[in-house]
Amino acid sequence: MAAIFEVTVRRARRDDVGSIIAMLADDPLGGPRERLEDPLPQTYFDAFERLVGDPNIRLVVAEDGDGTIVGCLQLCILPGLSSQGASRGLVEDVRVASHCRSRGIGEQLMHWAVTEARAKGCKLVELLTHNTRVDAQRFYERLGFTRSHVGMTIRF
């Protein structure tokens with residue numbers, strides 16, 4: 001691993017949407033799903049407004065010392081009845097800019113997510129990763145996550 005690259009994790013702002021979509025699109029699975037155009041489709045900004053308006057969702061970015069966005073993730077706090085009414089944290093859309101990988105940025109983002117979920121009263125943190133993302137699975141296991149579920153999807 002290269003030297004640890006210190007970042008600041010902060011809530012995403014509207015002007016970060018382009019950087020976030022670029023990271024989501026710079027991916028074998030995300031590339032076909034996203035529309036990285038100039039200007040970006042309005043649907044992304046509409047979705048951003050719904051995200052920031054939801055008190056149980058934290059969309060955050062990792063920003064380097066120069067103010068460049070180099071990573072992102074979404075943390076959802078899900079209230080529940082199971083496990084004696086425990087809330088759980090669900091981590092989604094973890095990305096690190098391709099030119100910044102293997103520098104500890106993803107680990108800093110995940111540490112932030114776990115700390116935030118615990119502070120919000122969650123009893124566990126879960127995430128989904130595609131079964132083809134073998135490197136990502138090793139990364140999450142190194143951070144202490146264990147394989148526990150079988151995920152299933154229906155796309156519309």
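The values are calculated or read from the model by the stated rules, or taken from the named source; none is laboratory data. Because the structure is a prediction, the values reported are computed rather than measured. Note that we place each Cβ from the backbone using ideal geometry, even for glycine, and neighbour counts take in every protein chain shown. With ligands, DNA and RNA removed, areas are computed over all heavy atoms of the protein, side chains included. Shrake-Rupley method; radii C 1.70, N 1.55, O 1.52, S 1.80 Å.
Here are a few things to note about the model shown:
- Mean residue ellipticity (222 nm) of the chain, computed from DSSP H runs ≥ 4 via -39,500 (n - 2.57), nearest 500: -9000 deg cm²/dmol
- A 1.4 Å probe, protein heavy atoms only, puts the accessible area of residue 124 near 60 Å².
- Stretchable slack from residue 13 to residue 137, in nm (0.36 nm times residue separation minus alpha-carbon distance): 41.8 nm
- Each residue, residue 120 and residue 86, gets one label point 7 Å from its Cα in the Cβ direction; the gap between the two is 1.6 nm.
- The H on the amide N of residue 87, modeled in the peptide plane, is under 5 Å from the matching H of 80, 123, each at least 5 residues off or on a different chain.
- Pairs of Cα atoms nearer than 8 Å and 6+ residues apart set the relative contact order; for the stretch 1-145 it is 24 percent.
- Whole-number percent relative contact order across the stretch 53-130, with pairs defined as alpha carbons under 8 Å at least 6 apart: 28 percent
- For the chain, the Kirkwood hydrodynamic radius comes to 16.5 Å, computed from all pairs of different C-alpha atoms.
- Sequence-distant residues sharing a close amide H with residue 127 (under 5 Å, placed H): 91
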